[in-house]
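Scroll down for the structure; my scribbles are underneath it.
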Amino acid sequence: MASMRDIKRRKGSIQSTQQITKAMKLVSTVKLQRAKTRAEQSKDYFKCMYDTVTSMLGKAGNIDHPYLKAGETGKKAIIVITSNRGLAGGYNSNVVKLITRGEFNKEDVMIYAIGKKGRETFARYGYEIAWENSEMIEEPKYADAMKLSSQLLEDFENGVVSEIYLAYTAFKNTVSHIPTLLKLLPVEVESNEEAKEVEEDDNIPMNFEPEDEEALDMIIPKYVTSLIYGGMVEALASENGARMQAMDSATSNAEEMISHLSLQYNRARQGSITQELTEIIAGANAIS
């Protein structure tokens with residue numbers, strides 16, 4: 001059995017850790033409120049953007065445009081949005097699993113990393129890191145998403161990559177965060193079966209003004225930029241929600257450990273007192 005000194009030292013260490021986890025929970029809670037409001041305000045817009053573009057292209061018929069067909073290299077660019085810090089439960093690992101345990105071959109994947117944890121993990125696993133920026137996730141800005149979008153579209157047009165995916169954690173509510181893998185390019189349009197379910201009036205081919213190629217040159221970059229920015233905003237809210245839950249669980253676990261150690265300490269103290277009394281009585285009996 002551990003000595004009273006060891007138990008007391010262990011208890012003090014856990015109490016110090018508990019103070020840290022409480023502070024981190026409070027910080028995450030404050031950050032979550034701001035990020036949550038931002039994510040909820042923008043979520044409908046980015047969902048509408050995705051649905052509108054895919055629906056529009058589904059009605060547009062066969063258009064010969066570089067953004068609508070996969071390249072020949074077979075390389076897949078995956079934008080991975082993770083955090084710069086840990087202590088967020090399975091937040092980062094769940095996003096990584098979307099790629100490592102998915103249907104992607106390591107040799108065909110090029111990682112565009114937003115966040116240190118994702119970059120470090122994929123570099124350790126031997127994936128090719130084509131691009132990285134850790135500061136973007138601290139305070140998501142549309143301008144940063146636009147720069148990344150321009151880089152990705154340039155790589156796509158030049159044949160460096162054939163497909164573009166976005167891996168992030170979608171924010172559903174404070175306690176529910178969903179790892180999500182979304183294909184950005186080539187844009188996936190509705191299948192023939194799905195198209196048949198649409199009313200005939202809605203299946204009328206769409207006309208573009210200006211020409212379809214010029215219109216898509218303007219629409220697709222905004223579409224890609226919007227989804228990247230939306231992914232960062234939702235990921236930031238999910239990160240703070242996950243960290244708040246993790247720190248709350250850590251604080252509760254620390255409280256249980258402190259209670260258990262207090263019980264151990266009291267038992268050890270009682271045992272020590274009993275032993276001293278026994279020695280005193282034995283000594284008194286020996287004298288008499």
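The values are calculated or read from the model by the stated rules, or taken from the named source; none is laboratory data. Predicted model, so just to flag it, every value in this text is computed and none were measured. Because the Cβ atoms are built from the backbone with ideal geometry, glycine has one as well, and the counts that use them run over all protein chains shown.
To keep it simple, each residue is scored yes or no on (1) farther than 27 Å from GLY89 by Cα; (2) surrounded by fewer than 21 Cβ atoms within 10 Å (Cβ to Cβ); (3) at pLDDT below 90.
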{"position": "ALA143", "(1), (2), (3)": "yes, yes, no"}
{"position": "SER149", "(1), (2), (3)": "yes, no, no"}
{"position": "LEU152", "(1), (2), (3)": "yes, no, no"}
{"position": "PHE156", "(1), (2), (3)": "yes, no, no"}
{"position": "VAL161", "(1), (2), (3)": "yes, no, no"}
{"position": "ALA167", "(1), (2), (3)": "no, no, no"}
{"position": "ILE178", "(1), (2), (3)": "no, yes, no"}
{"position": "LEU181", "(1), (2), (3)": "no, yes, no"}
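For every residue, the table says whether it meets (1) closer than 30 Å to LYS69 by Cβ; (2) touching a residue at least 40 places away in the same chain (Cβ under 8 Å).
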residue	(1), (2)
PRO140	no, yes
PHE156	yes, yes
VAL160	yes, yes
PHE171	no, yes
SER176	no, no
LEU181	yes, yes
Any pair with Cβ under 7 angstrom, 6 or more apart, that starts in region 61-80 at a residue that is among the hydrophobic types (A, V, I, L, M, F, W, C) and at pLDDT 80 or above and ends at one that is crowded, with 16+ Cβ neighbours inside 10 Å and part of a loop (DSSP other than H, G, I, E, B): ALA77/VAL161
Test: residue in region 10-31 that is loosely packed, with under 15 Cβ neighbours inside 10 Å, within 29 Å of GLY231 (Cβ to Cβ) and in contact with a Ser or Thr (Cβ under 8 Å, 6 or more places away or on another chain): no
LYS117 vs. criteria modelled with pLDDT of 95 or more and under 30 Å from GLU40 (Cβ atoms): yes
Flag if LYS36 is at pLDDT 90 or above, in contact with an Asp or Glu (Cβ under 6 Å, 6 or more places away or on another chain), surrounded by 14 or more Cβ atoms within 10 Å (Cβ to Cβ) and part of a helix (DSSP H, G or I): no
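Yes/no per residue for (1) surrounded by fewer than 18 Cβ atoms within 10 Å (Cβ to Cβ); (2) at pLDDT 90 or above; (3) closer than 30 Å to ILE81 by Cβ:
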{"site": "TYR229", "(1), (2), (3)": "no, yes, yes"}
{"site": "MET232", "(1), (2), (3)": "no, yes, yes"}
{"site": "SER238", "(1), (2), (3)": "no, yes, yes"}
{"site": "ARG243", "(1), (2), (3)": "no, yes, yes"}
{"site": "ALA250", "(1), (2), (3)": "no, yes, yes"}
{"site": "SER262", "(1), (2), (3)": "yes, yes, no"}
{"site": "ARG269", "(1), (2), (3)": "yes, no, no"}
{"site": "ILE281", "(1), (2), (3)": "yes, no, no"}
{"site": "ALA284", "(1), (2), (3)": "yes, no, no"}
